[in-house]
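Colleague: Structure in structure tokens, see below.
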Amino acid sequence: MQGKVYKSTGSWYVLKTAEGETWNARLKGVFKLDGITSTNPIAVGDDVDFEPESEEDSTAIITAIHDRKNYINRQSPSHRNQHHIVASNLDQSLMVVTLKDPRTSQGFIDRFLVTSEAYHVPAVLLFNKSDLFRAKEEDRFEDWKAMYSSIGYRVIRMSVHTGEGLNEVKTLLQGKISLLSGHSGVGKSSFLNALYPDWQLKTQNVSGWSGKGIHTTTFAEMFDLPTGGRIIDTPGMREFGLVDITKEELSGYFPEMRVLAGQCQFNDCLHLEEPGCSVKLGVQEGSIAPHRYTSYCAILGSLGGENY
Ligand code: GDP
Ligand code: ZN
């Protein structure tokens with residue numbers, strides 16, 4: 001039989017079949033996955049094969065894991081070269097941001113975008129609280145929308161309070177597996193409650209979308225949305241960090257730099273002070289936004305490696 005992993009506790013996994021049956025499954029024996037040193041072989045979002053163990057208790061044994069389309073991981077705090085796979089097979093990553101109350105910084109947005117690129121997960125920016133926009137925020141929103149749209153990111157203006165943009169987001173969630181992230185206080189739980197008013201969000205008891213609840217676990221969990229589609233909640237990881245990125249790779253995760261980086265005079269160019277740098281030329285000529293270049297430099301400076 002086949003199922004999808006909805007929840008993982010580390011030793012037990014909650015699986016759901018396409019028909020909606022739920023099974024509690026575990027692994028037997030040692031699982032080896034090609035190329036991944038992971039502390040947990042199975043992650044939320046994985047598609048697996050399983051064999052029922054007990055029909056009465058709905059317990060099962062996982063026998064195989066299907067290839068992952070993508071996955072996000074987190075470095076183990078104690079072992080630098082060990083990773084914890086948080087979730088897999090994501091269709092998109094949505095980040096709720098606000099220009100006011102609280103203000104999300106551009107650096108934070110760019111880190112999120114870099115991480116999404118590195119994980120091969122399409123990213124969407126949801127600018128919430130548009131009802132609070134005054135002239136200053138209107139201007140900033142227009143600037144950022146133009147900048148991010150030109151790079152290829154989808155930007156949606158929304159307000160949980162007025163309902164602006166909510167239908168667009170609802171359509172976006174349908175039939176997809178989405179990861180929702182964003183600072184605390186930007187409106188993630190308000191937004192889900194507004195989209196699905198009759199749906200008592202199960203997570204609120206567990207972690208709370210705002211991160212204000214009791215965190216009994218840091219494992220991810222997936223939820224079916226009433227109108228189809230699924231959301232993955234990752235307690236404690238809504239501001240996911242950068243893992244596994246080298247300085248040399250970084251510009252490859254800025255799509256507008258990626259297209260120019262190959263034309264630099266030096267092929268190990270970090271686009272700082274090197275001569276013949278096409279990325280810096282792009283900044284001068286306007287094809288790369290100065291703010292994005294600033295974010296690039298800031299992220300570069302935060303990455304480890306020998307190239308300091
Ligand atoms: P979370 O931490 O991301 O889950 O954020 P919450 O959903 O708890 O919302 C934080 C605060 O922002 C609450 O007081 C909400 O009422 C408020 N809020 C959410 N959406 C909007 C909005 O569109 N406009 C305004 N003005 N406030 C909002
Ligand atoms: Zn360069």
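Colleague: Can you tell me the length gained on complete extension of the stretch Arg26 to Ala298, counting 0.36 nm per residue apart and subtracting the Cα distance? Walk me through the numbers before you get to the answer.
Modeller: On the way: separation 272, 0.36 × 272 = 97.92 nm, distance 4.28 nm.
Using 0.36 nm per residue and subtracting the Cα-Cα distance, I get 93.6 nm.
Colleague: How large is the direction-averaged shadow of the alpha-carbon convex hull of segment 247-302, in nm²?
Modeller: Working: hull surface 13.1 nm².
Average of the hull's projected areas for segment 247-302 equals 3.3 nm².
Colleague: So if R0 is 22 Å, what FRET efficiency would Ser11 and Ser54 give, r being the distance between their Cβ atoms, rounded to the nearest 0.05?
Modeller: Working: r = 17 Å, r/R0 = 0.76.
For Ser11 and Ser54, the calculated efficiency is 0.85.
Colleague: Moving on to the next point. Would you mind computing, in nm to one decimal, how far apart the modelled labels at Arg154 and Thr171 are, each placed 7 Å from Cα along Cα→Cβ?
Modeller: Each label point is offset 7 Å from its Cα along the Cβ direction, giving 0.9 nm.
Colleague: Right, something else. Pairs to check: Lys145/Lys170; Lys129/Lys170; Lys7/Lys188; Lys4/Lys28; Lys176/Lys247. Give those whose C-alpha atoms are more than 23 Å from each other in this structure. Spell out each step's value before the answer.
Modeller: Working: Lys145/Lys170 20 Å; Lys129/Lys170 17 Å; Lys7/Lys188 20 Å; Lys4/Lys28 17 Å; Lys176/Lys247 32 Å.
Table pairs above 23 Å Cα-Cα are Lys176/Lys247.
Where a number appears in this text, it was derived from the coordinates with a stated rule and is not lab data. Since this is a predicted model, take the numbers as computed values, not measurements. Using ideal geometry, Cβ is built from the backbone for each residue, glycine included, and neighbour counts are taken over all protein chains shown.
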